[in-house]
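One structure below.
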Amino acid sequence: MPSNFIAKGADGYEAVMGRWSQRLAAPFLEFAGVPSRGRVLDAGCGTGSLSVALAAHPGLEAIEALDFEEDFVAALKKRTADPRISARRGDVCALPYEDGDLDGVYSLLVLHFVSDPHQAVREMRRVLRPGGTAAATVWAFGGMPSWSLFWDAILAHEPEAADKLPPRTKRPMTGQGELRAAFEGAGFADVADSVLTISMDYANFEDFWYPMVYGQGAFGGFVDGLPQARRDRLRDGVRAAYLGNDSDGPRAFATVALAVRGTA
Ligand SMILES: C[S@@+](CC[C@H](N)C(=O)[O-])C[C@H]1O[C@@H](n2cnc3c(N)ncnc32)[C@H](O)[C@@H]1O
């Protein structure tokens, strides 16, 4: 199975993660660098946050976008009419491009979900022309305080969640130096890494709770399966954690991603 990402529809994805990947795309491309012209790949495009950001570079002639999830590819096709963007289903561990075909290869929040991320990085290098740049970014382990708050509150109020939900383990590539080591191991030159920070801003508790629970993955089924009294208690507990000692309203959480780039 090439993807460890649990998807639950493109709309849910947008609410729970796409809004943040859109925000991360700009600093990521600024760090990565985009060629002034040529053909580039968004490897693991999801619903297209990065493809759309790449399309803001008018000199690019073609933007290939590839993802394992059919639904996401369809959502990207619906989202943009830019004729330079071609979206298709595929596996980043076996990229459907010839050696040296591309001028840039980018991967936004993907490698930590790929079952063999080292193979994906080797593929990113294989399809690049000599001198072309590849770059990748993933959320840092422990770098997502809003998600930690959510998880900690869930586990505190509903210990059964520890058995019924996927375990909260460290994903590959999310530790300091791992992306860099993978790029160096794949033979990239001029490898550089960096830390990127965005703010995850929620309008109020509902904006925090609803997408997290129903946007993707196993949470929705777990919460809906609880008896009403426990469901209410859980929601109240997470709400209290979100509010702290203040009234309901906006909250902002600085969130950290690790990034790497290298030259083929
Ligand atoms: C967190 S999402 C990121 C999507 C998008 N890049 C973004 O930033 O919004 C992770 C994506 O990786 C994709 N993915 C995981 N393993 C994959 C693989 N082996 N080949 C292609 N896509 C894969 C998933 O389908 C999912 O769309």
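How do the helices (runs of 4 or more DSSP H) wholly within the stretch 200-244 filter down when requiring 2 or more residues that are among the aliphatic types (A, V, I, L, M): which remain? Break it down stepwise before answering.
Values: elements: 205-214, 219-224, 228-243.
Qualifying helices (runs of 4 or more DSSP H): 205-214, 228-243.
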If we keep just the residues of the stretch 12-28 that are more than 9 Å from the ligand (Cβ to nearest atom) and free of Cβ contacts under 8 Å to residues at least 40 places away in the same chain, which is nearest to the chain's Cα centre (by Cα)?
-> 19
Filtering the stretch 64-89 down to residues that are surrounded by fewer than 21 Cβ atoms within 10 Å (Cβ to Cβ) and touching a residue at least 12 places away in the same chain (Cβ under 8 Å) yields 69, 70, 71, 74, 79, 80, 82, 84, 86, 88, 89
For the stretch 172-186, name all the residues that are surrounded by 13 or more Cβ atoms within 10 Å (Cβ to Cβ) and small (Gly, Ala, Ser).
-> 175, 181, 182, 186
Within the stretch 1-58, helices (runs of 4 or more DSSP H) holding 2 or more residues that are at pLDDT 95 or above and in contact with a Ser or Thr (Cβ under 7 Å, 6 or more places away or on another chain) = 19-32, 49-55
Please specify each residue of the stretch 53-86 satisfying the condition of being touching an Asp or Glu at 6+ places or on another chain (Cβ under 8 Å), within 27 Å of residue 264 (Cα to Cα) and within 11 Å of the ligand (Cβ to nearest atom).
-> 65, 66, 68
Subset of the stretch 201-219 [surrounded by fewer than 18 Cβ atoms within 10 Å (Cβ to Cβ) and within 25 Å of residue 111 (Cα to Cα)] | 201, 218
Which ones in the stretch 99-135 are touching a helix residue (DSSP H, G or I) at 6+ places or on another chain (Cβ under 6 Å), more than 14 Å from the ligand (Cβ to nearest atom) and in a loop (DSSP other than H, G, I, E, B)?
-> 99
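The values are calculated or read from the model by the stated rules, or taken from the named source; none is laboratory data. The structure presented is a predicted model; accordingly, all values stated were derived computationally and were not measured. Using ideal geometry, Cβ is built from the backbone for each residue, glycine included, and neighbour counts are taken over all protein chains shown.
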